[in-house]
């Protein structure tokens, strides 16, 4: 990332934008999915879509494990926190 362009899919971009807009708030997987997929999201067939897209987003952004931009809140969802 560090000054280099990152090419994101529309879904990855929408996800990152939503997380940044809600910085310092834990967002559930369901709220992220509803924002990104809208009415087409089916909870029963698309169970791990959010996790897979977050994984791909982290990989594209070289989001290292030590200082992750997108943090997992176990059993709840994801958050982007302000740096301290």
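The values are calculated or read from the model by the stated rules, or taken from the named source; none is laboratory data. Just so you know, these numbers come straight off a predicted model, no measurement behind them. Neighbour counts run over all protein chains shown; Cβ positions are idealised from the backbone, glycine included.
Quick notes on this structure:
- Residue in the stretch 30-42 that is touching a strand residue (DSSP E or B) at 6+ places or on another chain (Cβ under 9 Å) and within 25 Å of residue 5 (Cα to Cα) present: yes
- Residues that are under 18 Å from residue 12 (Cα atoms) and part of a loop (DSSP other than H, G, I, E, B) were ranked within the stretch 52-80; the one that is nearest to the chain's Cα centre (by Cα) is 69.
- Sub-8 Å Cβ pairs linking a first residue in the stretch 52-73 that is on the phi > 0 side of the Ramachandran plot and modelled with pLDDT under 95 to a second residue that is surrounded by fewer than 11 Cβ atoms within 10 Å (Cβ to Cβ) and part of a strand (DSSP E or B), at least 6 apart or interchain, number zero.
- Set side by side, the residues 19, 8 differ, and just one is at negative phi and either touching a helix residue (DSSP H, G or I) at 6+ places or on another chain (Cβ under 7 Å) or assigned to a loop (DSSP other than H, G, I, E, B) (or both), which is 8.
- Residues that are under 17 Å from residue 57 (Cα atoms) and surrounded by fewer than 12 Cβ atoms within 10 Å (Cβ to Cβ) within the stretch 1-43 comprise 1, 2, 3, 4, 5, 7, 10, 20, 21, 23, listed in sequence order.
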